[in-house]
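Colleague: Below: one structure in structure tokens.
The values are calculated or read from the model by the stated rules, or taken from the named source; none is laboratory data. This one's a predicted model, so the numbers in the text were calculated from it and none came from an experiment. Note that each Cβ is placed from the backbone with ideal geometry, even for glycine, and that neighbours are counted across all protein chains shown.
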Amino acid sequence: MTPFSVVTDAQTHVKYPLADYALTPSMAIIDPDLVRNMPKSLTANGGIDAVTHALESYVSAYATDYTRGLSLQALHLLFEYLPRAYDDGRNDEQAREKTHNAATIAGMAFANAFLGICHSCAHKLGSRFSIAHGLANALMISRVIMYNSEDAAYKVVGFAQYKQMHAADDYGELALALGFAKKSQSQRERVAALVRQVESLKASIGIPSSMKAVLEPKVSKQEYEDAVDVLAEQAFDDQCTGTNPRAPLIKDLRQLMLDAWEPLKEQDIKTWVAKGS
């Protein structure tokens with residue numbers, strides 16, 4: 001039900017999204033019975049992809065009051081019902097329906113607001129290493145949230161709906177609205193609270209903690225690092241990069257991918273919060 005399609009070149013291992021409203025279907029049937037028997041791994045990967053859709057569309061350079069309402073509602077539903085759909089989606093009809101609806105609502109949000117560099121990186125990592133798309137997003141999203149929340153006056157992307165980037169404030173709004181943070185907390189503490197909840201959600205649905213956990217021993221750390229040099233350039237040219245709230249450099253995308261090799265630890269989050277104090 002979105003205006004997007006993705007083409008993968010099996011020979012070059014390049015995945016590239018296409019966007020055109022002519023691709024939007026005239027009708028979409030959103031029936032949870034169609035996914036009642038979906039395997040747990042697909043529920044996890046598809047569900048966390050929807051979470052990423054909602055998170056990225058909420059802070060997108062094209063986000064508006066209309067799209068943010070959809071993004072927020074999708075996140076409300078996903079944080080509450082995705083773990084239940086994962087645990088017992090075949091029998092828990094309410095959880096399956098709410099999760100299915102949430103994925104569609106998140107699709108409506110990013111169909112209008114578009115996405116960001118988490119998807120740009122996931123497209124390239126997923127095609128190169130045969131990683132499920134939702135899983136590739138899951139391994140990048142928390143680090144992307146922290147990257148987008150840096151306080152310095154970084155360059156604003158073209159055609160943005162704002163004069164100065166304010167992704168950190170947007171993430172903080174999400175954390176407050178979802179009940180993850182308190183008004184008394186600093187901006188970075190609110191963002192950190194959101195990151196912690198995303199990491200907790202991932203753990204509850206069996207998402208591995210790092211690229212290392214997914215790829216080894218099939219792919220060594222050195223092989224991964226060698227590939228990332230090329231993948232970062234490809235991610236920079238990805239269609240999703242243009243609406244990320246912070247305009248990245250190729251070296252930034254490369255570092256984000258390199259960092260994803262290891263798990264994001266609590267100490268990493270605390271260090272990031274302290275850096276902004």
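Colleague: Kindly state which helices (runs of 4 or more DSSP H) lie completely within the stretch 147-259 and contain at least 3 residues that are over 17 Å from the mean Cα position of the chain (by Cα) and more than 24 Å from Lys124 (Cβ to Cβ).
Modeller: Details: elements: 167-177, 187-204, 211-215, 221-236, 250-259.
Where helices (runs of 4 or more DSSP H) fall fully within the stretch 147-259 and carry at least 3 residues being over 17 Å from the mean Cα position of the chain (by Cα) and more than 24 Å from Lys124 (Cβ to Cβ), they are 167-177, 187-204.
Colleague: Now a separate question. Do we have any residue at all in the stretch 135-142 that's within 25 Å of Ser41 (Cβ to Cβ), more than 17 Å from the chain's Cα centre (by Cα) and either assigned to a helix (DSSP H, G or I) or of a type in the set (A, V, I, L, M, F, W, C) (or both)?
Modeller: Quick first cut of the stretch 135-142, residues within 25 Å of Ser41 (Cβ to Cβ) only: 135-142.
Then drop every residue that is not more than 17 Å from the chain's Cα centre (by Cα), which leaves none.
Among the residues of the stretch 135-142, not one is within 25 Å of Ser41 (Cβ to Cβ), more than 17 Å from the chain's Cα centre (by Cα) and either assigned to a helix (DSSP H, G or I) or of a type in the set (A, V, I, L, M, F, W, C) (or both), which makes the answer no.
Colleague: Let me ask you something else. Looking at Lys251, is it surrounded by fewer than 17 Cβ atoms within 10 Å (Cβ to Cβ) and without any contact (Cβ under 8 Å) to a residue 24 or more places away in the chain?
Modeller: Yes: the conditions hold for Lys251.
Colleague: In the stretch 60-80, what residues are assigned to a loop (DSSP other than H, G, I, E, B), polar (S, T, N, Q) and surrounded by fewer than 24 Cβ atoms within 10 Å (Cβ to Cβ)? Break it down stepwise before answering.
Modeller: So the first thing to find is which residues in the stretch 60-80 are assigned to a loop (DSSP other than H, G, I, E, B), and the list is 60-64.
From what's left, polar (S, T, N, Q): 60, 64.
Within the stretch 60-80, Thr64 is the sole residue that qualifies.
Colleague: I need the full set of residues from the stretch 231-248 which are without any contact (Cβ under 8 Å) to a residue 60 or more places away in the chain and within 16 Å of Thr8 (Cβ to Cβ), in order please.
Modeller: Result: Asp237, single match.
Colleague: So for the stretch 53-62 (the condition being under 23 Å from Arg143 (Cα atoms) and of a type in the set (Val, Ile, Thr)), does at least one residue qualify? Explain how you work it out, then say what you get.
Modeller: Let us first name the residues in the stretch 53-62 that are under 23 Å from Arg143 (Cα atoms), namely 53-62.
The next check asks that each one be of a type in the set (Val, Ile, Thr); those that pass are 59.
Scanning the stretch 53-62, I find at least one residue that is under 23 Å from Arg143 (Cα atoms) and of a type in the set (Val, Ile, Thr), so the answer is yes.
Colleague: Only one of these is more than 20 Å from Ile145 (Cα to Cα) and either of a type outside the set (Ser, Thr, Tyr) or part of a loop (DSSP other than H, G, I, E, B) (or both): Leu34, Leu55. Name it. Steps first, answer last, please.
Modeller: Working: Leu55 fails: more than 20 Å from Ile145 (Cα to Cα).
Step by step, each of Leu34, Leu55 is checked, and only Leu34 is more than 20 Å from Ile145 (Cα to Cα) and either of a type outside the set (Ser, Thr, Tyr) or part of a loop (DSSP other than H, G, I, E, B) (or both).
Yes/no matrix, rows are residues, columns are (1) within 17 Å of Gly116 (Cβ to Cβ); (2) polar (S, T, N, Q):
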position	(1), (2)
Asp31	no, no
Asn45	no, yes
Thr64	yes, yes
Leu72	yes, no
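Colleague: Applying the selection to the stretch 254-277, what residues are closer than 16 Å to Glu225 by Cβ and touching a residue at least 12 places away in the same chain (Cβ under 8 Å)? Break it down stepwise before answering.
Modeller: Residues of the stretch 254-277 that are closer than 16 Å to Glu225 by Cβ, as a first pass: 254-262.
Matches in the stretch 254-277: Arg254, Leu256, Met257, Leu258, Asp259, Ala260, Trp261, Glu262.
Colleague: Among the candidates Gly172, Gly179, Gly134, single out the residue that is farther than 22 Å from Gly69 by Cβ and either surrounded by fewer than 22 Cβ atoms within 10 Å (Cβ to Cβ) or modelled with pLDDT of 95 or more (or both). Break it down stepwise before answering.
Modeller: Values: Gly172 fails: farther than 22 Å from Gly69 by Cβ; Gly179 fails: farther than 22 Å from Gly69 by Cβ.
None of the other options fit; the residue is Gly134.
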